1. Let me spell it out: the conditions are (1) of a type in the set (Lys, Arg); (2) over 14 Å from the mean Cα position of the chain (by Cα); (3) modelled with pLDDT of 85 or more, and residue A:155 meets all of them except one. Which number is the exception?
2. Any residue at all in segment B:24-32 that is crowded, with 23+ Cβ neighbours inside 10 Å and under 20 Å from the mean Cα position of the chain (by Cα)?
3. What residue, among those in segment A:123-140 that are crowded, with 20+ Cβ neighbours inside 10 Å and not hydroxyl-bearing (Ser, Thr, Tyr), is modelled with the highest pLDDT?
4. From the list A:89, A:100, A:63, pick out the single residue that is surrounded by 22 or more Cβ atoms within 10 Å (Cβ to Cβ) and of a type in the set (Phe, Trp, Tyr).
5. Any chance you could count how many residues in segment B:45-57 are open to solvent by less than 10 Å² (accessible area, probe 1.4 Å) and more than 7 Å from chain A (Cβ to nearest Cβ)?
6. Being within 22 Å of residue B:143 (Cβ to Cβ) and at pLDDT 90 or above narrows it down to one residue among B:11, B:48; which is it?
7. Filter segment A:28-42 down to the residues that are open to solvent by 80 Å² or more (accessible area, probe 1.4 Å) and closer than 30 Å to residue A:109 by Cβ and list them by number.
8. Restrict the check to segment B:169-185 and report whether at least one residue is in contact with a Phe, Trp or Tyr (Cβ under 9 Å, 6 or more places away or on another chain) and either of a type in the set (Ser, Thr, Tyr) or buried (at least 19 other Cβ atoms within 10 Å of the Cβ) (or both).
Amino acid sequence: MFFRVFSTECLKLKRTLALWMALVSPLVMVLIQFGITWKASDGLVRDGKDAWPVMVRQTVEVWTLLMMPMFVTLETSLLAGLENSGKNWKALLALPAPRWMVYVSKLVVTIGLLWTAHAVLIAGTAASGLMLKLLHPALNMGGMPLSPFAVPMLRVSLSTLLAVAIQHWVSLRWHSFTVAMGFGMCAMVVGVFTVQSKALGAWFPWSLPIRAVLDGATGVDRITVFAVAGMIVVASAGCWEFVRREIA
Amino acid sequence: MTDFVIRTDAIGKLFRGKPAVRDVSLHVERGSVYAFLGPNGAGKSTTIRMLLGLLRPSSGDISVLGLDLRRHRSEILARVGSLVESPSLYEHLTARENLEIPRRILDAPRSDIDRVLGIAGLENAGGKLVGSFSLGMKQRLGLAQALLGERELLILDEPTNGLDPSGIQEMRLLIRQLPTTHGVTVFLSSHMLSEVEQVATHVGVLSQGEMVYEGTIGELAGMRQSCLRIGVNDPGSAAVLLTRHGWDVERAGEYLMSLDTGAGAAINRTLVEGGFAVHHLAVESISLEEVFLKMTRAEVA
């Protein structure tokens, strides 16, 4: 039954902005980084350094700090809007699917879109790096540093799960696009400030992905474990509330 | 023993301590078209949402298809189709894709989509985006969704809301044929008896959150009485005068009604002597709609 419910959530993505955003957002990032690397070639080459590590580091940092929090907020709001805008909850929840499956399927779809965006970002950056290597030899680009790119992206993918679970619950709890967007934007701004605090930055859900990048760890550490465990707790609590919710 | 597809036992619902529905006991027989009537705000939608498990009753028990709703929610919902107020559709998807969503959850065969599109008269619109549909087409697609799978009961909340006269006629025809051609029991709500009296076999009337009548449409018709309809220039003041003289009269729009059909001459004299201009005085049969209005108005009063 779960896969049937999950497949309906995937079907609902057809022709939606939410689906397009998973492709377009990372590609916008790739294009911007392509331009920055091309223009910054003088500075990068002067030291005789390979431009790859700089390009990869900048891509991961800018994506994690700016693009990804906005992406998560927009995706969760848009996906919840599919049900909220047409007042579709009453029909969806009058079908014989257990409510927890509906809640979890929607969360899995959101995480799936985020991770798809990350895959597009990695693939797009690789393709743009190879193009730069061909078109702009002065950049002195060697082989693509796969591990320095994939490992931080994997850590970001895991450490953002707590924020996704919270934003998912908020979007489904209040049937207003504005509330969901406003909440996500405020949390994002607070996250940018708290990341500099040693006490708060390591715990605030929206700071965790940035910390995961800045800490430079290469494996599973406290941040990723906390984010994943936090997601399970928040998703379980959200599910519990969703199952008991009355549709008036 | 009567086979009830819906049976509620004194269900009630409180919203922030205030009762929206009180002690509602419904008895819907298999194969019937049950019209659940009441003015706007009477508690029909709240009751329907409780029948579908969208709201939890504050008191009482609900049995659908012989099963307790609290314990067998999924099993019941697999056999109950519903259309609550406006149809819930994804406008960015085609009609066929909109039907594919409940089809997958119900695990119904793919051919079922063509079957229900045919019933709803949307065979040629399956590939069109729902965003381009008229309200009538959306309503019919909502009904098609409710018919997917092996449904034994359809719960329709104001299914003709917002439809033009031809849309209402089409919907009536569809609903009327469902029990005989598809073996489905229909439970539908409306705020107007005239909208459903041609299709309903049974009627339940809700007023101010309480059931005030339940029976067959024939029994309801038997409650029709003769009455004296009085047309007068100032009905409000005339009603006061007649009440003062001991007649029990009621306002019915621009007319006054009295059950004392033999008092025509005396009433006429009293009104004329009281300075009123009487332009209509006749013994008439009360319509079903007026019986219904009388029931709900009495409760309000």
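1. Result: residue A:155 passes all but (2).
2. Pass one, segment B:24-32, residues crowded, with 23+ Cβ neighbours inside 10 Å: B:24, B:28.
Going one step further and asking which of them are under 20 Å from the mean Cα position of the chain (by Cα), we end up with B:24, B:28.
Yes, the conditions are met somewhere in segment B:24-32.
3. Step one: filter segment A:123-140 for residues crowded, with 20+ Cβ neighbours inside 10 Å, giving A:124-125, A:128-129, A:132, A:139.
Subset that is not hydroxyl-bearing (Ser, Thr, Tyr): A:124, A:129, A:132, A:139.
Details: A:124: 92, A:129: 87, A:132: 84, A:139: 73.
That would be A:124.
4. Numbers: A:89 fails: surrounded by 22 or more Cβ atoms within 10 Å (Cβ to Cβ); A:100 fails: surrounded by 22 or more Cβ atoms within 10 Å (Cβ to Cβ).
Answer to the selection: A:63.
5. Looking only at that region, the number is 4.
6. Working: B:11 fails: within 22 Å of residue B:143 (Cβ to Cβ).
Exactly one of B:11, B:48 is within 22 Å of residue B:143 (Cβ to Cβ) and at pLDDT 90 or above, namely B:48.
7. A:31, A:32
8. Restricting attention to segment B:169-185, the residues satisfying the condition of being in contact with a Phe, Trp or Tyr (Cβ under 9 Å, 6 or more places away or on another chain) are B:185.
Keeping just the survivors that are either of a type in the set (Ser, Thr, Tyr) or buried (at least 19 other Cβ atoms within 10 Å of the Cβ) (or both) gives B:185.
Checked segment B:169-185: at least one residue is in contact with a Phe, Trp or Tyr (Cβ under 9 Å, 6 or more places away or on another chain) and either of a type in the set (Ser, Thr, Tyr) or buried (at least 19 other Cβ atoms within 10 Å of the Cβ) (or both).
The values are calculated or read from the model by the stated rules, or taken from the named source; none is laboratory data. Fair warning: this is a prediction, and the values are worked out from it, not measured in the lab. Cβ atoms come from the backbone with ideal geometry, glycine included; neighbour counts cover every protein chain shown. Only protein heavy atoms, including side chains, enter the accessible area calculation; ligands, DNA and RNA are left aside. Shrake-Rupley method; radii C 1.70, N 1.55, O 1.52, S 1.80 Å.
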